[in-house]
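The structure appears below as structure tokens.
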Amino acid sequence: MAGIGFELRKLLKKQTYFGLLQAYAFAGIISSGPWVLSIIGIMLIGIFSVGISSPHVSMAQFQVTVTYLFLISLIGTGLVQLSFTRFVADRIFEKQEDVILPNFNGLILVSMGASLLFGIPFVGFGFPEQSILYRILFVMGLAIMSAIWITTVFLTGLKHYRAIVLIYFLGYGATFLLALLLQPWLGLEGLLLGFVIGHYGLLMGMIWLVYRHYNAETFVAFDIWKKGAMYPTMMWTGFFFNLGAWVDKMMFWYYPTTGNAVIGPLYASVIYDFPIFLSYLSVIPGMAVFLVRIETDFVEYYVKFYDAVREGSTLDYIARMRNHMVYHIQRGLFDIAKIQAIAVLLTFAMGGTLLELLGISRLYLPLLYVDVVGAAVQVVLLGILNVLFYLDRRRVVLGLTILLPVINIIFTAISIKLGAAWFGYGFALAMLTTVLIGIWILKRELDMLEYRTFMLQ
């Protein structure tokens, strides 16, 4: 992540309100990524298509299809995203950057191949009533989204943050416009075709940036699959974290009283889905603070601490760098919590007006409030996990991410049994419980930092 961190520090050093605004704006967009921007895009498509929808077109079918494309691609690529991030970082540290691009190409080929192997039988047997075009677009969308999640690994490592933001807006702008233009002629397939074309353009733009940054003589390589190149703990961490973030949604989809079939084997929950996805829009400020704080203040003293250890600096200097690092960890997590608390309060104050503007019943307000709190806590959890990764506590992170889906399943099941008044509390309490445990573990790790640094080497 050194690339974006360097650029953010340059903006912050300007010591102007505009520089500060730029830093947080770019950080918010880059850190939120395709997930949040797609939510906005899909919502806008739904709003603007009301007047031109044909009777045979169901926006619900389109939105649910896209949701499942995100779900399957995120959980699937979760097995390789973090491990590939570590692979890239290791190669940069070893000054072997020439092997990064070939292995990136290899991983893209593998992920797309896996998408085809899963997607073709899935659409073949699961959507007998849908058109051939719909099935083709589903598989293509799955392959493209999988490639996007892998390519996203590189974004925080690149310095071209303005180009990244521009590509995001062009990609999602194209998705929005093409979906609306194609819908009157092709219906549901037109919406999905617009989504696929727009995201393909986004992927090509992201790959272009990667190719601008890295050079290689070999086109494709599969070194990442060699023994020792992949980290099993990081592979399963990515899988379980994404599973933990999605498992409550899946339970609501397929529980008889809360979900219903929308298209083929794809289910949705009218009660649960809209508030939970809308709540994720509130994480943009927290994600911006997360990236700025981690990539500027914390990383600066993290590097100084370990440089001091390796270079044999005085114990007094090492202790001061350690204290600065711990201080900025605490400050960063506090700032994330503070910003997300403000987002929560704004939602509480303006949530009713927002729902009215979107044409949604105010009956969704209690669930929206709970979900916004849960999403806010999730951002804090990301901050904790990231710091633990920097401290190379991979097994600890894996334990936390395994705990997350287990707790989420238990609490969500209880909330469903208790009735509608308790919907959303399972997700929020699962995140809160994991965060509290994570804070306790992080404090313990920081207290033992000197011991692990000097005595366990």
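FYI, it's all coordinate maths here, none of it is from the lab. Everything quoted here is computed from the prediction, not taken from an experiment. Cβ sites come from the backbone with ideal geometry, for glycine too, and all protein chains shown count toward neighbours.
When the convex hull of its Cα atoms is viewed from all sides, the range 152-258 shows a mean projected area of 10.9 nm².
With Cα atoms as the point set, the range 276-451 shows a radius of gyration and Dmax of 19.0, 64 Å.
Report the net charge of residues surrounding D335, where surrounding means a beta-carbon distance below 10 angstrom and charges are Lys +1, Arg +1, Asp -1, Glu -1. Result for the local shell: +2. Expressed as a fraction of 2.2 N^0.38 Å, the C-alpha radius of gyration for the range 104-211 is 1.15.
Would any residue of the range 371-406 have its amide N under 17 Å from a label point 7 Å out along Cα→Cβ of K443? List them or say none. From the range 371-406, the list is 381, 384-385, 388.
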